[in-house]
Amino acid sequence: MNATSPAPEGTPVPTPGRIVLLTTSHRVAPGLLSWPAWQALRDADQVLCADGAHPQLPYLVEAGTTVVEASPTAEELVAACAGGATVVVVATGEGEPALTDGLARLAGSGRVQMPELELLPASYDLPGARLLDLVQVMDRIRAECPWSSQQTHKGLAKYGIEEAYELVEAIEEGDRDELREELGDVLLQVVFHARIAEEDPDTPFSVDDVAAGIVTKLIHRHPHVFGDETASTPEEVKAHWLRTKAEEKRRTSVTEGIPMGQPGLALASKLASRVRTAGLEVPLPAGDGIGYELLALAVRAEAAGVDPEAALRAAGRAYRDAIRGVEGRGSGL
């Protein structure tokens, strides 16, 4: 009689047992496990782990769990469950692919009475958890890469500008894959600069300080979300934002905080926006030349709710396509 043949009448049917593959995330502090995970560990007949240096092991031992360092085959693990035993396998970082593949083969063969198989996440990533990986990778690159270890804020400044423009281009082109990649490149600039800032001898700060600063700013500037104020329209939200920003900065001029080194059309549009928002009546400076004409166009665009830089880029792309069309006709393509 093979393992899958029905037992004679009256013969007790053996209990197949249970295998629990316990997975954890290295992005969550060791020892912070779910309640079902602690229950499974408490009720297990055996707890196995192939990695004797697994970061969870000291906490399991402290909690009174005996963990055996072992790397059983699928056949050995099934045999360990004979008689209804429960075996918990604390998975390594790779997730035990050889073991799970072996168990799948045994289950598919039909020749073995398989124990109950359960995949139990003991801890799992929260949204944003992969940012921790980025910080760790950047830290190692800064320490070990001959190029990255020599970079400074000033040396990287040009890349920040380039990446920002590439992000804008991806948005305007509507390419989702490119957008995701360019967002990553911009994020890299933030993490890279924050890592460099940690080494400043006088005023160091970290990426956590950067994140804490923007969290505090966002909460303060959204009293309609985190406070008692209300806002039901985008205009009311903007009013809240401008008011709290003014309280924070205590500026004496609406022009303060506007980077004068930005592209000319964007600069003119930003100045016009500040003037309009503040309710000021400021006549455009009189002058001859294309600069004053462009200023007037930028102010007009801002008043109409048009980003002059984006409008000019759109026209530039149309001009590019026209050029390529002429080139194509000229080459006979």
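The values are calculated or read from the model by the stated rules, or taken from the named source; none is laboratory data. Since the model is a prediction, treat every value here as computed from it, not as a measurement. Cβ atoms come from the backbone with ideal geometry, glycine included; neighbour counts cover every protein chain shown. All accessible areas refer to the heavy atoms of the entire protein, side chains included, with ligands and DNA or RNA removed. Shrake-Rupley method; radii C 1.70, N 1.55, O 1.52, S 1.80 Å.
Here residue 286 passes the criteria (1) over 29 Å from residue 171 (Cα atoms); (2) among the small types (Gly, Ala, Ser); (3) not in a loop (DSSP other than H, G, I, E, B) except the one numbered (3).
Checking the structure you have, find out if any residue of the range 47-61 is surrounded by fewer than 20 Cβ atoms within 10 Å (Cβ to Cβ), β-branched (Val, Ile, Thr) and either touching an Asp or Glu at 6+ places or on another chain (Cβ under 6 Å) or closer than 24 Å to residue 125 by Cα (or both). Checking the range 47-61: at least one residue is surrounded by fewer than 20 Cβ atoms within 10 Å (Cβ to Cβ), β-branched (Val, Ile, Thr) and either touching an Asp or Glu at 6+ places or on another chain (Cβ under 6 Å) or closer than 24 Å to residue 125 by Cα (or both).
Close Cβ contacts (under 8 Å, 6 or more residues apart or on different chains) running from residues in the range 145-165 that are over 17 Å from residue 197 (Cα atoms) to residues that are surrounded by 12 or more Cβ atoms within 10 Å (Cβ to Cβ) and of a type in the set (A, V, I, L, M, F, W, C) comprise 163/186; 163/188; 164/186. If only residues of the range 251-283 that are part of a loop (DSSP other than H, G, I, E, B), open to solvent by 60 Å² or more (accessible area, probe 1.4 Å) and among the β-branched types (Val, Ile, Thr) are counted, the one that is nearest to residue 299 (Cα to Cα) is 282.
Consider the range 198-246. How many of its residues are in a loop (DSSP other than H, G, I, E, B) and in contact with a His (Cβ under 8 Å, 6 or more places away or on another chain)? So the answer is 5.
Cβ-Cβ distances below 8 Å connect the following pairs, each with a first residue in the range 272-291 that is within 18 Å of residue 260 (Cα to Cα), a second residue that is of a type in the set (Asp, Glu), and a separation of six or more residues or different chains: 272/302; 273/302.
Residue-by-condition table, conditions (1) farther than 21 Å from residue 25 by Cα; (2) open to solvent by 60 Å² or more (accessible area, probe 1.4 Å):
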| residue | (1), (2) |
| --- | --- |
| 65 | no, no |
| 70 | no, no |
| 75 | yes, yes |
| 81 | yes, no |
| 86 | yes, no |
| 96 | no, no |
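Candidates are the residues of the range 258-295 that are among the polar types (S, T, N, Q) and closer than 21 Å to residue 165 by Cβ; the one that is modelled with the lowest pLDDT is 262. For the range 181-198, a residue qualifies if it is crowded, with 16+ Cβ neighbours inside 10 Å and in contact with a Pro (Cβ under 8 Å, 6 or more places away or on another chain), and exactly one does: 197.
Within the range 219-245, the set of residues being under 29 Å from residue 297 (Cβ atoms) and loosely packed, with under 13 Cβ neighbours inside 10 Å comprises 234, 235, 238. Among the residues here, residue 289 does not qualify as under 34 Å from the mean Cα position of the chain (by Cα) and open to solvent by less than 80 Å² (accessible area, probe 1.4 Å). Taking the range 12-100 and the helices (runs of 4 or more DSSP H) fully enclosed by it, no element has 2 or more residues that are modelled with pLDDT under 95 and of a type in the set (S, T, N, Q). Residue 248 meets each of the listed conditions (1) at pLDDT 85 or above; (2) open to solvent by less than 80 Å² (accessible area, probe 1.4 Å) apart from (1).
The single condition among (1) of a type outside the set (Ser, Thr, Tyr); (2) open to solvent by less than 40 Å² (accessible area, probe 1.4 Å); (3) modelled with pLDDT of 95 or more that residue 147 does not satisfy is (2).
Within the range 199-217, if we keep just the residues that are exposed (fewer than 12 other Cβ atoms within 10 Å of the Cβ) and aliphatic (A, V, I, L, M), the residue that is nearest to residue 187 (Cα to Cα) turns out to be 214.
Among the residues in the range 161-178, are any out of contact with any helix residue (DSSP H, G or I) (no Cβ under 7 Å at 6 or more places or on another chain), outside any helix (DSSP H, G or I) and farther than 30 Å from residue 78 by Cβ? Within the range 161-178 (the criterion being out of contact with any helix residue (DSSP H, G or I) (no Cβ under 7 Å at 6 or more places or on another chain), outside any helix (DSSP H, G or I) and farther than 30 Å from residue 78 by Cβ), the answer is yes, since at least one residue qualifies.
Of all the residues in the range 296-333, those that are open to solvent by less than 80 Å² (accessible area, probe 1.4 Å) and over 24 Å from residue 164 (Cα atoms) number 10. If you filter the range 98-135 down to residues that are of a type in the set (S, T, N, Q) and more than 20 Å from residue 37 (Cβ to Cβ), you find that the one that is most open to solvent (accessible area, probe 1.4 Å) is 113.
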